[in-house]
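Taking it in order: structure first as structure tokens, then the write-up.
The values are calculated or read from the model by the stated rules, or taken from the named source; none is laboratory data. All values derive from a computational prediction rather than experimental measurement. With ideal geometry, Cβ positions are generated from the backbone for all residues, glycine too; neighbour counts draw on all protein chains shown. Areas reflect the complete protein model, heavy atoms only, side chains present, ligands, DNA and RNA absent. Shrake-Rupley method; radii C 1.70, N 1.55, O 1.52, S 1.80 Å.
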Amino acid sequence: MAVADKAASHRGQAAPDLLIAGAGVAGLWLAVKAARAGLSVMLVERGNPGDGASGGFLGALMPHSPERWNGKKDFQFRALVDLEDEIARLQAETGEFCGYRRVGRILPLTSERGRITATERIADARANWGTRFGYEVRHTPDRSDWPNILRAPHGIVHETLSARISPPGLIAALLSRLAVMPNIELRLGTAVVDVAPGDRRASLSDGTSIGFGHVALANGVDAFPMIARLMGLPAQSLGGGVKGQAALLDAGAEPDLPLVYDDGVYVIAHENGHVAVGSTSENEFDDPRATDERLDEIVKRARKLCPLIREAPVIRRWAGVRPKAVGRDPMLGPVPGAPGVLAMAGGFKISFGIAHRMADCLVAQLAGEEGPETPESFSVAWHAARSATDQGIQ
Ligand SMILES: Cc1cc2nc3c(=O)[nH]c(=O)nc-3n(C[C@H](O)[C@H](O)[C@H](O)COP(=O)(O)OP(=O)(O)OC[C@H]3O[C@@H](n4cnc5c(N)ncnc54)[C@H](O)[C@@H]3O)c2cc1C
């Protein structure tokens, strides 16, 4: 069926080919990709796009380390490579700027052991990343304030695969793209409350119910209890949230500075001279949106790591809750025992680098085509088995 026909039938019978819960980076990419493939799409968001974990500003796009290569590392590597073209296409389609730049990354080396390990990884990077991207160990960074030379007593790793993006810029571009696609309907301020796979219907918080061909649960941390319920598992068994806090500083920094990452602290220069700094990882928290002294500590460490931002004023503080599936890997694909229900959640700390490729996997499955290879450890069944093992009930 042509896209225009599909859009018309979608308006008429209000039963989209694909219903998506959640307009974070996962749901938005999925909506755009599915609509580009000609499916009729309804994207339902409880509040506003970016209300969840995608509403931050860090935007690091970093690979896993290049040794002990596996399906998950390969998936992420390919996603990071492809993203450059994906963003170029999205920007050309929308005229929006996503703040993407492949700036590379510096990892300070604080011990001789670290330097030896990093040196051994040069060959792994060559083998697994190819020759387009560099991975080298150097004695000193190019400048002494990014990072502080005293914080890198054994030199640095400098790799050129990492990139950064503006999360608000990307969310705005995806929204702008879907706004002009005739086969997408966006419903804000409405939640998917329940899904009945047998009837292929979902109940919404506005009291209506909607039929669907497939439904994708891309609603971040809230996807896990919904998927667990559909599988008859305890609510918390498939995943949960890890709170993170970040700060934005007005530093007048050059936009081509590489990311700096050291012991959980990220320092990321963006296009407008702003520098984003993060982030905490909190498994227990009372207020998911509050920032506190843990963020002050991260900012302090970031200032020591990169003296360029020593005096830069903090202009924004932000906290969000990252969706983390039980097996740490993203959760992607059919939900066992729930026909027509798909999961797209659990990107944890890397969603901005992989969500477009996760979307490609689901759209290919819907079209019955061969898409990017999905690692087995991403499947819902794998996560459920992992959960059962963790609880000693397998
Ligand atoms: C401090 C911090 C720093 C981070 N830094 C990075 C980084 O540098 N690089 C990176 O790649 N990632 C980073 N992340 C992680 C990244 O932000 C998340 O992995 C990503 O935003 C998850 O996107 P999502 O679309 O899966 O979920 P979310 O963005 O949480 O979106 C889920 C959406 O679903 C909606 N929703 C919930 N329930 C329902 C329902 N029942 N019906 C309809 N809608 C619903 C919510 O309102 C929300 O808008 C960071 C996260 C934090 C907190």
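So here's what we get for this one:
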| item | result |
| --- | --- |
| Matching option when the condition is touching a residue at least 60 places away in the same chain (Cβ under 8 Å) and surrounded by 19 or more Cβ atoms within 10 Å (Cβ to Cβ), among 178, 109 | 178 |
| Residue within the range 226-240 that is in contact with a Gly (Cβ under 6 Å, 6 or more places away or on another chain) and part of a strand (DSSP E or B) present | yes |
| Conditions (1) surrounded by 14 or more Cβ atoms within 10 Å (Cβ to Cβ); (2) under 27 Å from residue 382 (Cα atoms): number failed by residue 283 | (1) |
| Filter result for residue 275 (in a strand (DSSP E or B) and more than 11 Å from the ligand (Cβ to nearest atom)) | yes |
| Qualifying positions in the range 142-155 - closer than 19 Å to residue 117 by Cβ and open to solvent by less than 80 Å² (accessible area, probe 1.4 Å) | 147, 152, 154, 155 |
| Residue in the range 189-246 that is least open to solvent (accessible area, probe 1.4 Å), counting only those that are more than 14 Å from the ligand (Cβ to nearest atom) and basic (Lys, Arg) | 200 |
| Number of the exception - residue 286 against (1) outside the structural domain of residue 231 (by TED's automatic domain parsing); (2) in contact (Cβ under 8 Å) with a residue 40 or more places away in the chain | (2) |
| Whichever residue in the range 114-141 is of a type in the set (Lys, Arg) and within 22 Å of residue 84 (Cα to Cα) and, among such residues, is surrounded by the fewest Cβ atoms within 10 Å (Cβ to Cβ) | 132 |
| Matching residues in the range 238-281 - criterion: being modelled with pLDDT of 95 or more and polar (S, T, N, Q) | 245, 279, 280, 281 |
| In the range 316-347, the residues that are closer than 30 Å to residue 251 by Cβ and β-branched (Val, Ile, Thr) | 321 |
| Residues located in the range 358-376, provided they are open to solvent by 10 Å² or more (accessible area, probe 1.4 Å) and either among the β-branched types (Val, Ile, Thr) or within 12 Å of the ligand (Cβ to nearest atom) (or both) | 363, 374 |
| Test: residue in the range 226-233 that is under 18 Å from the mean Cα position of the chain (by Cα) and in the same structural domain as residue 335 (by TED's automatic domain parsing) | no |
| Boolean, residue 303 is under 28 Å from residue 328 (Cβ atoms) and open to solvent by 10 Å² or more (accessible area, probe 1.4 Å) | no |
| Any hit, the range 58-65, residues being under 14 Å from the mean Cα position of the chain (by Cα), of a type in the set (A, V, I, L, M, F, W, C), more than 8 Å from the ligand (Cβ to nearest atom) and open to solvent by 10 Å² or more (accessible area, probe 1.4 Å) | no |
| Within the range 106-211, strands (runs of 3 or more DSSP E) holding 1 or more residues that are under 30 Å from residue 41 (Cβ atoms) | 184-188, 192-196, 201-204, 209-211 |
| Subset of the range 341-350 that is within 9 Å of the ligand (Cβ to nearest atom) and surrounded by 24 or more Cβ atoms within 10 Å (Cβ to Cβ) - its residue that is nearest to residue 62 (Cα to Cα) | 347 |
| Cβ-Cβ under 6 Å pairs, at least 6 apart or on other chains, the range 303-314 side over 8 Å from residue 249 (Cα atoms), far side assigned to a helix (DSSP H, G or I) | 303/309; 305/151; 310/303 |
| The one condition in (1) more than 15 Å from the ligand (Cβ to nearest atom); (2) in a helix (DSSP H, G or I); (3) within 27 Å of residue 22 (Cβ to Cβ) that residue 286 fails to fulfil | (2) |
| Set 338, 381, 312, 355: member being buried (at least 23 other Cβ atoms within 10 Å of the Cβ) and at pLDDT 95 or above | 355 |
